[in-house]
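One structure is given below, encoded as structure tokens.
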Amino acid sequence: MQRPSAFLAWVALIALCLPACTSHSKKIIIYASSAIKVDDTQKNITVTEGTTHHEQELTFQGSDPVTLNITSPTGKFTLDAKEDGLYIANIKTDTVVGSYQHVGAEGGEAKISQDVLLQKVDSLQKLAVGANVNAANRNYFIPPGQIAKITGEMKAKIFGPFTTIPGAFDAGSVPELYKFYSNKELREIIARLTKMTIGPKQ
């Protein structure tokens, strides 16, 4: 009669241990301008010259730092993810910029005032040059060949460059939402929005 009890205790011990053993993790989203080749270790990354945006997500378990060995047209270098969390590694030829989103859809407002539009343009212009960028503001400016920790929330959703947040996307379905652009893409958006403004506003 003791065996079932002992077995159940053993199962309970494993159940308690598993979350503790797997609580440390790192997720790295790679942005590149060509196809991304990853070896079996997920730590050796090769990209070639290209003009088409590619993404690949890598997940690592454990608390040890992760070092990615990158081979690219610009040379070889390493990128380090030391803490748990969700990262973006930019191995494109263009800077990547982005920020936390307070709503679930881009352009969710049917109508927008000129003042709000001008504020949006100003905010995007600052982001494009890395002004007022810091972790506290939850906005990011990631030059080529660099990596940045975006959040400690592993279930956060990130929409990358050239991907529009769907109008029907439910922001409440994820704990955090971020949108990123290539700098070239962002400047094109700024140019389009600027044309929508009614002349210069002092």
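The values are calculated or read from the model by the stated rules, or taken from the named source; none is laboratory data. This one's a predicted model, so the numbers in the text were calculated from it and none came from an experiment. Because the Cβ atoms are built from the backbone with ideal geometry, glycine has one as well, and the counts that use them run over all protein chains shown.
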Filter the stretch 142-175 down to the residues that are in a loop (DSSP other than H, G, I, E, B), on the phi < 0 side of the Ramachandran plot and among the aromatic types (Phe, Trp, Tyr) and list them by number. Phe169
Checked the stretch 67-102 for anything surrounded by 15 or more Cβ atoms within 10 Å (Cβ to Cβ), part of a loop (DSSP other than H, G, I, E, B) and either hydroxyl-bearing (Ser, Thr, Tyr) or out of contact with any Leu (no Cβ under 9 Å at 6 or more places or on another chain) (or both); matches are Asp84, Lys92, Thr93, Asp94, Thr95
Where the second residue is outside any strand (DSSP E or B) and exposed (fewer than 14 other Cβ atoms within 10 Å of the Cβ) and the first is in contact (Cβ under 8 Å) with a residue 12 or more places away in the chain and lies in the stretch 179-195, which pairs have Cβ atoms under 7 Å and are six or more apart or on separate chains? Glu185/Phe162
Top-ranked residue in the stretch 131-158 [being touching a residue at least 40 places away in the same chain (Cβ under 8 Å), aliphatic (A, V, I, L, M) and surrounded by 15 or more Cβ atoms within 10 Å (Cβ to Cβ); ranked as nearest to Val96 (Cα to Cα)]: Ile142
Could you tell me whether the stretch 177-197 includes any residue that is surrounded by 12 or more Cβ atoms within 10 Å (Cβ to Cβ), modelled with pLDDT under 95 and in a loop (DSSP other than H, G, I, E, B)? yes
Can you tell me which condition Gly160 does not meet? The list is (1) at pLDDT below 90; (2) touching a Phe, Trp or Tyr at 6+ places or on another chain (Cβ under 7 Å), and all the others hold. (1)
Which condition number does Gly62 fail, the rest of (1) surrounded by 16 or more Cβ atoms within 10 Å (Cβ to Cβ); (2) touching a Ser or Thr at 6+ places or on another chain (Cβ under 8 Å) being met? (1)
Kindly check whether there is at least one residue in the stretch 41-58 that is under 24 Å from Thr151 (Cβ atoms), under 13 Å from the mean Cα position of the chain (by Cα), in a strand (DSSP E or B) and hydrophobic (A, V, I, L, M, F, W, C). yes
